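The values are calculated or read from the model by the stated rules, or taken from the named source; none is laboratory data. As the structure is a computational prediction, the values presented were derived from the model and not from experiment. With ideal geometry, Cβ positions are generated from the backbone for all residues, glycine too; neighbour counts draw on all protein chains shown. Accessible surface is based on the protein model in full, side chains and every heavy atom, while ligands, DNA and RNA are left aside. Shrake-Rupley method; radii C 1.70, N 1.55, O 1.52, S 1.80 Å.
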Amino acid sequence: MTGPAAQAAAVRREFERIHGRAPDGIWAAPGRVNLIGEHTDYNDGFALPMALPQTTVLAAGRREDGLLRLHSAQGDGRITELAVADLAPGPVSGWARYPAGVVWALRERGLPVGGADVHLDSTVPRGAGLSSSAALECAVAVAYDELYALRLSRPELARVAQYAENAFAGVPCGVMDQMASVCCAEGSALHLDSRSLDVRQVPFDLTGHGLRLLVIDTRVAHDLADGAYAELRAGCERAAGLLGLTALRDLSEAELPGVLTQLPEDLAPLVRHVVTENARVGRAVERLAAGEPESLGPLLTAGHASLRDDYRVSCPETDLAVEAAVAAGALGARMTGGGFGGSVIALVPSAAAASAAPSVTDAIAVAGFVTPAVLEAVPSAGARRVG
Ligand code: ADP
Ligand code: MG
């Protein structure tokens with residue numbers, strides 16, 4: 001598959017073959033990379049994601065009999081058939097829990113949604129920290145918004161998708177991935193306030209500044225559903241409670257030295273990461289606003305050190321990818337996404353990009369790790385109708 005139009009046409013043909021009817025429309029929702037602001041969303045904090053050109057394209061046709069019939073090109077070849085009225089967290093397993101969860105979450109809001117035929121196909125790598133789960137949820141959310149004339153706002157769609165992932169798929173993620181997938185705009189990064197869900201588009205012109213953003217997918221599967229993420233989240237909530245704060249977002253960098261000594265040893269580094277990471281988002285936005293995207297480099301690398309040493313969510317493969325990227329001429333690099341594997345982003349001068357990718361791949365192969373996949377991140381459009 002090449003461009004989005006060709007992808008949409010192919011998904012339409014497949015939908016017709018599988019479901020034996022025409023779809024009512026075709027929608028697309030992108031994966032994302034987060035430039036900076038990791039593990040801040042569930043602390044009511046800030047992030048700076050951008051959408052990828054890699055998208056999940058979904059064809060859907062409304063059904064009046066209350067059945068949800070789901071098919072994915074990345075599934076097991078079968079149609080999963082569910083009765084919308086009977087949807088409840090628990091019994092649905094596998095990939096179908098993400099799309100079914102969105103329909104369930106819409107019903108939980110009291111919205112009048114029924115069945116649909118669905119076929120989808122995605123170019124977002126799965127389990128790579130590039131948020132294929134949010135791309136899938138958000139594609140369903142925007143499709144249902146139109147199929148059932150719900151007219152939800154973008155932040156409401158993101159909240160529905162997040163609720164689906166939390167309460168139906170059982171993954172305790174924050175709201176950043178879903179906000180990125182529905183709110184990002186081409187050519188921009190998204191300055192997100194996870195408390196108010198206010199967003200600001202921050203122009204991010206890579207090519208105009210002689211830069212490229214490489215994504216190194218270490219192909220180490222992360223699993224956010226396992227306990228580590230939930231434990232970190234609970235640790236942050238405990239720390240905020242001990243400090244008498246609604247969330248760690250309410251602590252400034254200037255207040256940090258004073259409170260670190262009051263906190264239990266296991267919580268202090270978590271708090272230091274969240275507070276300094278929120279501050280790095282602010283600095284990154286200032287630098288982009290000043291038209292100096294190349295100066296993001298040191299912030300990215302500092303963010304990675306904080307994830308590695310304080311939050312402890314990196315792994316040997318991501319640490320090596322960061323080191324190798326910097327050694328190959330990257331201005332800065334960091335793990336992106338929840339961690340425990342996944343992908344690393346590297347901000348590279350265009351002139352060094354061609355040699356940087358094989359240098360990183362070689363360094364990782366020499367260390368005996370799985371050979372990574374390298375993609376390029378181009379700030380792309382958020383979820384939309386494409387056919
Ligand atoms: P990430 O969001 O970083 O890609 P997750 O573990 O959060 O990783 O989500 C990956 C899961 O989402 C997959 O294991 C699968 O269940 C589901 N998924 C995402 N995209 C698709 C797709 N195109 N088809 C079927 N399932 C998908
Ligand atoms: Mg995910």
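Is it the case that segment 342-359 has a residue that's surrounded by fewer than 21 Cβ atoms within 10 Å (Cβ to Cβ), part of a strand (DSSP E or B) and away from ligand 2 (no atom under 16 Å from the Cβ)? Yes, some residue in segment 342-359 is surrounded by fewer than 21 Cβ atoms within 10 Å (Cβ to Cβ), part of a strand (DSSP E or B) and away from ligand 2 (no atom under 16 Å from the Cβ). Of all residues in segment 158-179 being away from ligand 2 (no atom under 11 Å from the Cβ) and in contact with a Pro (Cβ under 8 Å, 6 or more places away or on another chain), which is modelled with the lowest pLDDT? By that ranking, first place goes to Gly170.
For segment 123-142, give me each residue that is within 15 Å of ligand 2 (Cβ to nearest atom) and open to solvent by 30 Å² or more (accessible area, probe 1.4 Å). Passing the criteria: Pro125, Arg126, Gly127.
Among the residues that make up segment 206-215, is at least one of them over 15 Å from Val33 (Cα atoms) and buried (at least 18 other Cβ atoms within 10 Å of the Cβ)? Checked segment 206-215: at least one residue is over 15 Å from Val33 (Cα atoms) and buried (at least 18 other Cβ atoms within 10 Å of the Cβ). Quick check: is even one residue across segment 310-322 polar (S, T, N, Q) and either surrounded by fewer than 17 Cβ atoms within 10 Å (Cβ to Cβ) or not in a helix (DSSP H, G or I) (or both)? Scanning segment 310-322, I find at least one residue that is polar (S, T, N, Q) and either surrounded by fewer than 17 Cβ atoms within 10 Å (Cβ to Cβ) or not in a helix (DSSP H, G or I) (or both), so the answer is yes. When we screen Val326, Val370 for residues that are in contact (Cβ under 8 Å) with a residue 24 or more places away in the chain and part of a loop (DSSP other than H, G, I, E, B), the only hit is Val370. Of all residues in segment 143-167, those that are part of a helix (DSSP H, G or I) and either within 12 Å of ligand 1 (Cβ to nearest atom) or open to solvent by 10 Å² or more (accessible area, probe 1.4 Å) (or both) total 14. Within segment 165-176, residues that are in the same structural domain as Asn34 (by TED's automatic domain parsing) sit with their Cβ atoms under 6 Å from residues that are more than 10 Å from ligand 2 (Cβ to nearest atom) and at pLDDT below 95, at 6+ positions apart or across chains, in these pairs: Asn166/Pro172; Pro172/Ala230. Within segment 74-106, restricting attention to residues that are farther than 18 Å from Thr56 by Cα and in a helix (DSSP H, G or I), the residue that is most open to solvent (accessible area, probe 1.4 Å) is Asp86. Residues in segment 75-94 include none that are among the small types (Gly, Ala, Ser), touching a helix residue (DSSP H, G or I) at 6+ places or on another chain (Cβ under 7 Å) and closer than 24 Å to Pro49 by Cβ.
Being open to solvent by 20 Å² or more (accessible area, probe 1.4 Å), out of contact with any helix residue (DSSP H, G or I) (no Cβ under 9 Å at 6 or more places or on another chain) and at pLDDT 95 or above is a description that applies to Pro298.
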